[in-house]
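**Q** One structure follows; several queries about it will come next.
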(Lines give C-alpha, C1' and ligand atoms only; values in the text may rest on other atoms or scores of the structure.)
Protein backbone atom coordinates (compact mmCIF):
# COMPACT_ATOMS: atom_id res chain seq x y z
CA UNK A 1 0.00 0.00 0.00
CA UNK A 2 1.05 3.62 -0.48
CA UNK A 3 3.41 4.97 2.15
CA UNK A 4 2.12 7.96 4.08
CA UNK A 5 3.85 11.26 3.40
CA UNK A 6 3.27 14.52 5.20
CA UNK A 7 4.94 17.90 5.03
CA UNK A 8 8.76 17.85 4.92
CA UNK A 9 8.84 19.18 8.47
CA UNK A 10 6.47 16.50 9.80
CA UNK A 11 8.26 13.74 7.88
CA UNK A 12 11.56 14.83 9.37
CA UNK A 13 10.07 14.81 12.85
CA UNK A 14 8.62 11.33 12.35
CA UNK A 15 11.92 10.06 10.93
CA UNK A 16 13.70 11.31 14.04
CA UNK A 17 11.21 9.53 16.30
CA UNK A 18 11.68 6.28 14.38
CA UNK A 19 15.35 6.28 15.38
CA UNK A 20 15.50 4.10 18.47
CA UNK A 21 11.90 2.93 18.07
CA UNK A 22 10.95 -0.65 18.95
CA UNK A 23 8.18 -2.73 17.41
CA UNK A 24 7.40 -5.39 20.04
CA UNK A 25 4.63 -7.20 18.14
CA UNK A 26 4.91 -7.76 14.40
CA UNK A 27 3.63 -10.61 12.21
CA UNK A 28 6.37 -11.10 9.65
CA UNK A 29 6.99 -14.43 7.92
CA UNK A 30 7.54 -17.24 7.37
CA UNK A 31 4.09 -18.26 8.57
CA UNK A 32 1.25 -20.46 7.42
CA UNK A 33 -0.64 -17.16 7.06
CA UNK A 34 0.29 -15.01 4.09
CA UNK A 35 2.77 -12.29 5.04
CA UNK A 36 3.88 -9.26 3.06
CA UNK A 37 7.48 -9.49 4.29
CA UNK A 38 9.65 -11.86 6.28
CA UNK A 39 11.69 -11.33 9.43
CA UNK A 40 14.85 -10.41 7.54
CA UNK A 41 12.98 -8.01 5.24
CA UNK A 42 11.68 -6.14 8.25
CA UNK A 43 15.01 -6.18 10.06
CA UNK A 44 16.57 -4.55 7.00
CA UNK A 45 13.84 -1.92 6.67
CA UNK A 46 13.94 -1.19 10.39
CA UNK A 47 17.72 -0.89 10.29
CA UNK A 48 17.52 1.66 7.47
CA UNK A 49 15.10 3.67 9.60
CA UNK A 50 17.39 3.46 12.63
CA UNK A 51 14.98 1.47 14.79
CA UNK A 52 16.49 -0.13 17.88
CA UNK A 53 14.66 -3.46 17.82
CA UNK A 54 11.80 -5.57 16.53
CA UNK A 55 10.14 -8.57 18.17
CA UNK A 56 8.67 -11.06 15.70
CA UNK A 57 5.52 -12.92 16.68
CA UNK A 58 3.95 -15.98 15.13
CA UNK A 59 0.88 -17.67 16.56
CA UNK A 60 2.36 -21.10 15.88
CA UNK A 61 6.08 -21.10 16.59
CA UNK A 62 8.85 -19.45 18.57
CA UNK A 63 10.90 -17.28 16.21
CA UNK A 64 14.04 -17.38 18.34
CA UNK A 65 16.02 -19.62 15.98
CA UNK A 66 15.33 -17.34 13.02
CA UNK A 67 16.32 -14.32 15.08
CA UNK A 68 19.60 -16.03 16.02
CA UNK A 69 20.38 -16.77 12.36
CA UNK A 70 19.69 -13.19 11.29
CA UNK A 71 21.86 -11.85 14.11
CA UNK A 72 24.73 -14.16 13.16
CA UNK A 73 24.68 -13.65 9.40
CA UNK A 74 23.75 -9.98 9.28
CA UNK A 75 25.96 -8.17 11.78
CA UNK A 76 25.62 -5.02 9.65
CA UNK A 77 22.02 -4.52 10.80
CA UNK A 78 21.56 -1.72 13.30
CA UNK A 79 18.23 -3.12 14.47
CA UNK A 80 18.30 -6.00 16.93
CA UNK A 81 15.81 -8.76 16.24
CA UNK A 82 14.13 -10.74 19.00
CA UNK A 83 11.21 -13.11 19.25
CA UNK A 84 9.15 -15.04 21.75
CA UNK A 85 6.57 -17.79 22.00
CA UNK A 86 2.77 -17.86 21.91
CA UNK A 87 1.28 -20.65 24.01
CA UNK A 88 -1.04 -22.11 21.39
CA UNK A 89 -1.67 -25.69 20.21
CA UNK A 90 1.35 -26.06 17.94
CA UNK A 91 3.89 -25.56 20.76
CA UNK A 92 1.89 -27.77 23.12
CA UNK A 93 -0.15 -25.05 24.79
CA UNK A 94 0.99 -24.51 28.37
CA UNK A 95 4.33 -26.19 27.78
CA UNK A 96 7.08 -25.19 30.23
CA UNK A 97 9.71 -27.04 28.16
CA UNK A 98 8.97 -24.82 25.16
CA UNK A 99 9.15 -21.69 27.33
CA UNK A 100 12.47 -22.77 28.84
CA UNK A 101 13.86 -23.43 25.37
CA UNK A 102 12.66 -20.01 24.18
CA UNK A 103 14.40 -18.38 27.14
CA UNK A 104 17.62 -20.32 26.52
CA UNK A 105 17.62 -19.10 22.91
CA UNK A 106 17.30 -15.45 23.90
CA UNK A 107 13.53 -15.05 23.61
CA UNK A 108 11.95 -11.99 25.15
CA UNK A 109 8.17 -12.43 25.33
CA UNK A 110 5.84 -15.24 26.37
CA UNK A 111 2.40 -14.57 24.94
CA UNK A 112 -0.41 -16.29 26.75
CA UNK A 113 -2.78 -18.14 24.36
CA UNK A 114 -3.88 -16.11 21.36
CA UNK A 115 -5.77 -18.02 18.64
CA UNK A 116 -6.46 -20.84 21.09
CA UNK A 117 -7.57 -18.74 24.05
CA UNK A 118 -11.10 -19.59 25.12
CA UNK A 119 -11.96 -15.93 24.70
CA UNK A 120 -10.64 -15.95 21.13
CA UNK A 121 -13.00 -18.78 20.19
CA UNK A 122 -15.92 -16.74 21.56
CA UNK A 123 -14.74 -13.61 19.79
CA UNK A 124 -14.34 -15.36 16.43
CA UNK A 125 -17.97 -16.50 16.57
CA UNK A 126 -19.20 -12.93 17.03
CA UNK A 127 -16.67 -11.26 14.74
CA UNK A 128 -17.48 -13.49 11.75
CA UNK A 129 -13.75 -13.74 11.05
CA UNK A 130 -11.31 -16.66 11.07
CA UNK A 131 -7.60 -16.03 11.35
CA UNK A 132 -5.73 -17.15 8.21
CA UNK A 133 -3.12 -18.89 10.38
CA UNK A 134 -5.72 -20.97 12.16
CA UNK A 135 -4.59 -24.56 12.54
CA UNK A 136 -8.20 -25.56 11.94
CA UNK A 137 -7.01 -25.87 8.33
CA UNK A 138 -5.03 -28.87 9.54
CA UNK A 139 -7.10 -30.23 12.42
CA UNK A 140 -9.68 -28.69 14.75
CA UNK A 141 -8.06 -26.23 17.13
CA UNK A 142 -8.37 -26.91 20.85
CA UNK A 143 -8.86 -24.35 23.59
CA UNK A 144 -5.85 -23.80 25.85
CA UNK A 145 -7.40 -22.90 29.22
CA UNK A 146 -5.46 -20.83 31.73
CA UNK A 147 -7.87 -20.99 34.70
CA UNK A 148 -9.49 -23.77 36.65
CA UNK A 149 -13.30 -23.96 36.91
CA UNK A 150 -13.06 -22.05 40.23
CA UNK A 151 -11.20 -19.22 38.40
CA UNK A 152 -7.86 -19.98 40.03
CA UNK A 153 -4.73 -20.19 37.88
CA UNK A 154 -3.97 -23.67 36.58
CA UNK A 155 -0.92 -25.44 37.98
CA UNK A 156 0.65 -25.87 34.55
CA UNK A 157 0.43 -22.13 33.99
CA UNK A 158 1.91 -21.48 37.43
CA UNK A 159 4.90 -23.58 36.38
CA UNK A 160 5.29 -21.41 33.28
CA UNK A 161 4.99 -18.22 35.34
CA UNK A 162 7.87 -19.51 37.47
CA UNK A 163 9.95 -20.05 34.31
CA UNK A 164 9.10 -16.53 33.15
CA UNK A 165 10.14 -15.09 36.51
CA UNK A 166 13.35 -17.13 36.74
CA UNK A 167 14.46 -16.03 33.26
CA UNK A 168 13.25 -12.42 33.60
CA UNK A 169 11.03 -12.79 30.53
CA UNK A 170 8.12 -10.55 29.63
CA UNK A 171 4.61 -11.98 29.99
CA UNK A 172 2.00 -10.71 27.53
CA UNK A 173 -1.73 -11.32 27.95
CA UNK A 174 -2.37 -12.49 24.38
CA UNK A 175 -6.06 -12.95 23.60
CA UNK A 176 -7.22 -13.78 27.11
CA UNK A 177 -10.41 -12.11 28.24
CA UNK A 178 -9.58 -9.12 30.41
CA UNK A 179 -11.16 -10.85 33.43
CA UNK A 180 -8.64 -13.67 33.00
CA UNK A 181 -5.77 -11.22 32.53
CA UNK A 182 -6.46 -9.65 35.93
CA UNK A 183 -6.24 -13.04 37.63
CA UNK A 184 -3.17 -14.28 35.74
CA UNK A 185 -1.26 -11.01 36.16
CA UNK A 186 -1.93 -10.98 39.90
CA UNK A 187 -0.62 -14.54 40.17
CA UNK A 188 2.36 -13.67 37.97
CA UNK A 189 3.32 -10.79 40.23
CA UNK A 190 3.06 -13.03 43.29
CA UNK A 191 5.45 -15.46 41.62
CA UNK A 192 8.04 -12.81 40.81
CA UNK A 193 7.19 -11.80 37.23
CA UNK A 194 8.11 -8.13 36.85
CA UNK A 195 7.60 -7.52 33.12
CA UNK A 196 3.96 -7.48 32.01
CA UNK A 197 2.27 -6.40 28.76
CA UNK A 198 -1.50 -6.01 28.39
CA UNK A 199 -2.12 -6.85 24.72
CA UNK A 200 -4.42 -4.66 22.55
CA UNK A 201 -7.15 -3.76 25.07
CA UNK A 202 -8.92 -1.98 22.21
CA UNK A 203 -10.08 -5.19 20.56
CA UNK A 204 -10.77 -8.90 21.11
CA UNK A 205 -10.13 -8.92 24.89
CA UNK A 206 -13.23 -6.90 25.91
CA UNK A 207 -11.40 -4.40 28.12
CA UNK A 208 -12.86 -1.16 29.41
CA UNK A 209 -10.90 2.02 30.01
CA UNK A 210 -11.20 1.29 33.73
CA UNK A 211 -9.53 -2.07 33.11
CA UNK A 212 -6.75 -0.28 31.23
CA UNK A 213 -6.28 2.18 34.08
CA UNK A 214 -6.25 -0.55 36.72
CA UNK A 215 -3.95 -2.97 34.92
CA UNK A 216 -1.52 -0.13 34.21
CA UNK A 217 -1.65 0.80 37.90
CA UNK A 218 -0.53 -2.72 38.82
CA UNK A 219 2.63 -2.11 36.78
CA UNK A 220 1.78 -3.60 33.40
CA UNK A 221 2.56 -1.77 30.19
CA UNK A 222 -0.46 -1.38 27.95
CA UNK A 223 0.32 -2.24 24.32
CA UNK A 224 -1.73 -0.75 21.50
CA UNK A 225 -1.93 -2.30 18.04
CA UNK A 226 -1.69 0.73 15.77
CA UNK A 227 -3.25 -1.18 12.87
CA UNK A 228 -6.57 -1.08 14.71
CA UNK A 229 -6.73 2.73 14.62
CA UNK A 230 -5.41 3.61 11.16
CA UNK A 231 -7.65 4.89 8.38
CA UNK A 232 -7.41 2.64 5.34
CA UNK A 233 -6.15 -0.38 7.28
CA UNK A 234 -8.20 -3.55 6.89
CA UNK A 235 -7.78 -4.18 10.62
CA UNK A 236 -9.20 -0.82 11.70
CA UNK A 237 -11.80 -1.45 14.39
CA UNK A 238 -11.55 1.75 16.42
CA UNK A 239 -11.39 5.46 15.76
CA UNK A 240 -8.17 7.42 16.25
CA UNK A 241 -9.81 9.27 19.16
CA UNK A 242 -10.13 5.91 20.94
CA UNK A 243 -6.33 5.61 20.95
CA UNK A 244 -6.11 8.97 22.66
CA UNK A 245 -8.58 7.77 25.31
CA UNK A 246 -6.57 4.59 25.81
CA UNK A 247 -3.34 6.53 26.30
CA UNK A 248 -4.98 8.84 28.82
CA UNK A 249 -6.38 5.85 30.74
CA UNK A 250 -3.01 4.13 31.21
CA UNK A 251 -0.82 7.23 31.14
CA UNK A 252 2.07 7.91 28.81
CA UNK A 253 4.54 6.24 31.16
CA UNK A 254 2.71 2.88 30.99
CA UNK A 255 1.84 2.91 27.27
CA UNK A 256 3.66 1.20 24.42
CA UNK A 257 2.89 0.97 20.70
CA UNK A 258 3.28 -1.87 18.22
CA UNK A 259 2.46 -2.20 14.55
CA UNK A 260 0.78 -5.65 14.78
CA UNK A 261 1.29 -5.64 11.00
CA UNK A 262 3.08 -7.75 8.41
CA UNK A 263 -0.04 -9.19 6.79
CA UNK A 264 -0.76 -8.91 3.07
CA UNK A 265 -3.05 -6.19 1.76
CA UNK A 266 -2.36 -3.53 4.33
CA UNK A 267 0.32 -1.11 5.52
CA UNK A 268 3.98 -2.04 5.86
CA UNK A 269 4.87 -2.29 9.59
CA UNK A 270 7.15 0.76 9.51
CA UNK A 271 4.51 2.75 7.66
CA UNK A 272 2.01 1.72 10.33
CA UNK A 273 4.32 3.01 13.06
CA UNK A 274 4.85 6.25 11.13
CA UNK A 275 1.10 6.73 10.87
CA UNK A 276 0.72 5.97 14.57
CA UNK A 277 3.36 8.55 15.45
CA UNK A 278 1.48 11.08 13.33
CA UNK A 279 -1.72 10.32 15.27
CA UNK A 280 0.11 10.99 18.54
CA UNK A 281 1.36 14.28 17.11
CA UNK A 282 -2.21 15.17 16.19
CA UNK A 283 -3.28 14.42 19.76
CA UNK A 284 -0.75 17.02 20.91
CA UNK A 285 1.82 14.76 22.53
CA UNK A 286 5.36 16.07 22.71
CA UNK A 287 8.24 14.27 21.02
CA UNK A 288 9.47 13.29 24.49
CA UNK A 289 6.17 11.58 25.29
CA UNK A 290 5.94 9.92 21.87
CA UNK A 291 9.47 8.60 22.25
CA UNK A 292 8.47 7.00 25.54
CA UNK A 293 5.54 5.22 23.89
CA UNK A 294 7.40 3.99 20.80
CA UNK A 295 10.82 3.38 22.31
CA UNK A 296 11.96 3.77 25.90
CA UNK A 297 8.91 2.28 27.65
CA UNK A 298 9.16 -0.74 25.37
CA UNK A 299 12.87 -1.08 26.06
CA UNK A 300 12.09 -1.03 29.76
CA UNK A 301 9.43 -3.76 29.66
CA UNK A 302 11.63 -5.96 27.44
CA UNK A 303 14.84 -5.32 29.35
CA UNK A 304 16.78 -4.14 26.30
CA UNK A 305 18.63 -1.03 25.16
CA UNK A 306 17.00 1.62 22.97
CA UNK A 307 19.77 3.22 20.91
CA UNK A 308 18.79 6.86 20.45
CA UNK A 309 22.24 7.98 19.41
CA UNK A 310 21.13 9.18 15.97
CA UNK A 311 18.03 11.01 17.15
CA UNK A 312 19.54 14.48 17.48
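**Q** Would you be able to tell me the number of residues in the range 241-251 that are surrounded by fewer than 18 Cβ atoms within 10 Å (Cβ to Cβ), in contact with a helix residue (DSSP H, G or I) (Cβ under 8 Å, 6 or more places away or on another chain) and within 18 Å of residue 274 (Cα to Cα)?
**A** Adding up the residues that qualify gives 1.
**Q** Kindly indicate which of 212, 184, 193 is in contact with a helix residue (DSSP H, G or I) (Cβ under 8 Å, 6 or more places away or on another chain) and in contact (Cβ under 8 Å) with a residue 60 or more places away in the chain. Steps first, answer last, please.
**A** Details: 212 fails: in contact (Cβ under 8 Å) with a residue 60 or more places away in the chain; 193 fails: in contact (Cβ under 8 Å) with a residue 60 or more places away in the chain.
Every option except 184 fails the conditions.
**Q** Take the residues in the range 85-103 that are in contact (Cβ under 8 Å) with a residue 24 or more places away in the chain and farther than 15 Å from residue 161 by Cβ, then tell me which one is surrounded by the most Cβ atoms within 10 Å (Cβ to Cβ).
**A** The selected residue is 88.
**Q** Determine which single condition residue 203 fails, assuming it passes every other condition in (1) closer than 20 Å to residue 93 by Cβ; (2) assigned to a loop (DSSP other than H, G, I, E, B); (3) in contact with a helix residue (DSSP H, G or I) (Cβ under 7 Å, 6 or more places away or on another chain).
**A** With (1) closer than 20 Å to residue 93 by Cβ; (2) assigned to a loop (DSSP other than H, G, I, E, B); (3) in contact with a helix residue (DSSP H, G or I) (Cβ under 7 Å, 6 or more places away or on another chain) applied to residue 203, the lone miss is (1).
**Q** Just one of the numbered conditions (1) more than 20 Å from residue 22 (Cβ to Cβ); (2) part of a helix (DSSP H, G or I) is not true of residue 266; which one?
**A** (2)
**Q** Answer yes or no as to whether residue 76 is more than 30 Å from residue 162 (Cβ to Cβ), at pLDDT 95 or above, over 17 Å from the mean Cα position of the chain (by Cα) and assigned to a loop (DSSP other than H, G, I, E, B). Quick ask: steps written out before the conclusion?
**A** Values: more than 30 Å from residue 162 (Cβ to Cβ): yes; at pLDDT 95 or above: yes; over 17 Å from the mean Cα position of the chain (by Cα): yes; assigned to a loop (DSSP other than H, G, I, E, B): yes.
Considered against the rule, which asks whether it is more than 30 Å from residue 162 (Cβ to Cβ), at pLDDT 95 or above, over 17 Å from the mean Cα position of the chain (by Cα) and assigned to a loop (DSSP other than H, G, I, E, B), residue 76 comes out as yes.
**Q** Right, residue 194: within 29 Å of residue 158 (Cβ to Cβ) and within 15 Å of the chain's Cα centre (by Cα) or not?
**A** no
**Q** Can you name the condition, by its number, that residue 62 falls short on among (1) touching a residue at least 12 places away in the same chain (Cβ under 8 Å); (2) part of a loop (DSSP other than H, G, I, E, B); (3) surrounded by fewer than 21 Cβ atoms within 10 Å (Cβ to Cβ)?
**A** All conditions pass for residue 62, except number (3).
**Q** Next question, about the same structure. Inspect all residues belonging to the range 276-288 and state whether any of them is modelled with pLDDT under 95 and either out of contact with any strand residue (DSSP E or B) (no Cβ under 8 Å at 6 or more places or on another chain) or part of a helix (DSSP H, G or I) (or both).
**A** Residues of the range 276-288 that are modelled with pLDDT under 95, as a first pass: none.
Checking the range 276-288: not a single residue is modelled with pLDDT under 95 and either out of contact with any strand residue (DSSP E or B) (no Cβ under 8 Å at 6 or more places or on another chain) or part of a helix (DSSP H, G or I) (or both).
**Q** Scan the range 110-133 residue by residue and report those that are more than 17 Å from residue 207 (Cα to Cα) and either buried (at least 18 other Cβ atoms within 10 Å of the Cβ) or at pLDDT 95 or above (or both). Working first, answer last.
**A** Restricting attention to the range 110-133, the residues satisfying the condition of being more than 17 Å from residue 207 (Cα to Cα) are 110-111, 115-116, 125, 128-133.
Scanning the range 110-133 gives 110, 111, 115, 116, 133.
**Q** Right, another one. Here are some residues: 10, 14, 22, 81. Which one is buried (at least 17 other Cβ atoms within 10 Å of the Cβ) and over 20 Å from the mean Cα position of the chain (by Cα)? Show your work before the answer.
**A** Working: 10 fails: buried (at least 17 other Cβ atoms within 10 Å of the Cβ); 22 fails: over 20 Å from the mean Cα position of the chain (by Cα); 81 fails: over 20 Å from the mean Cα position of the chain (by Cα).
Matching residue, one of 10, 14, 22, 81: 14.
**Q** State all residues of the range 36-53 that are without any contact (Cβ under 8 Å) to a residue 60 or more places away in the chain and touching a helix residue (DSSP H, G or I) at 6+ places or on another chain (Cβ under 6 Å); if no residue qualifies, say none.
**A** Our first condition is that a residue be without any contact (Cβ under 8 Å) to a residue 60 or more places away in the chain; within the range 36-53, this holds for 38-41, 43-44, 47-48.
Correct list: 39, 40, 43.
**Q** Is there a residue being surrounded by fewer than 16 Cβ atoms within 10 Å (Cβ to Cβ) and either free of Cβ contacts under 8 Å to residues at least 60 places away in the same chain or farther than 25 Å from residue 122 by Cα (or both) anywhere in the range 220-230? Full working, then the answer.
**A** So the first thing to find is which residues in the range 220-230 are surrounded by fewer than 16 Cβ atoms within 10 Å (Cβ to Cβ), and the list is none.
Taking every residue of the range 220-230 in turn, none turns out to be surrounded by fewer than 16 Cβ atoms within 10 Å (Cβ to Cβ) and either free of Cβ contacts under 8 Å to residues at least 60 places away in the same chain or farther than 25 Å from residue 122 by Cα (or both).
**Q** Oh, and also: For residue 214, work out the one condition from (1) within 20 Å of residue 95 (Cα to Cα); (2) surrounded by fewer than 19 Cβ atoms within 10 Å (Cβ to Cβ) it doesn't fulfil.
**A** Just one mismatch for residue 214, condition (1).
The values are calculated or read from the model by the stated rules, or taken from the named source; none is laboratory data. This is a predicted model, so every value here is computed, not measured. No Cβ is skipped: glycine too gets one built from the backbone with ideal geometry, and neighbour counts run over all protein chains shown.
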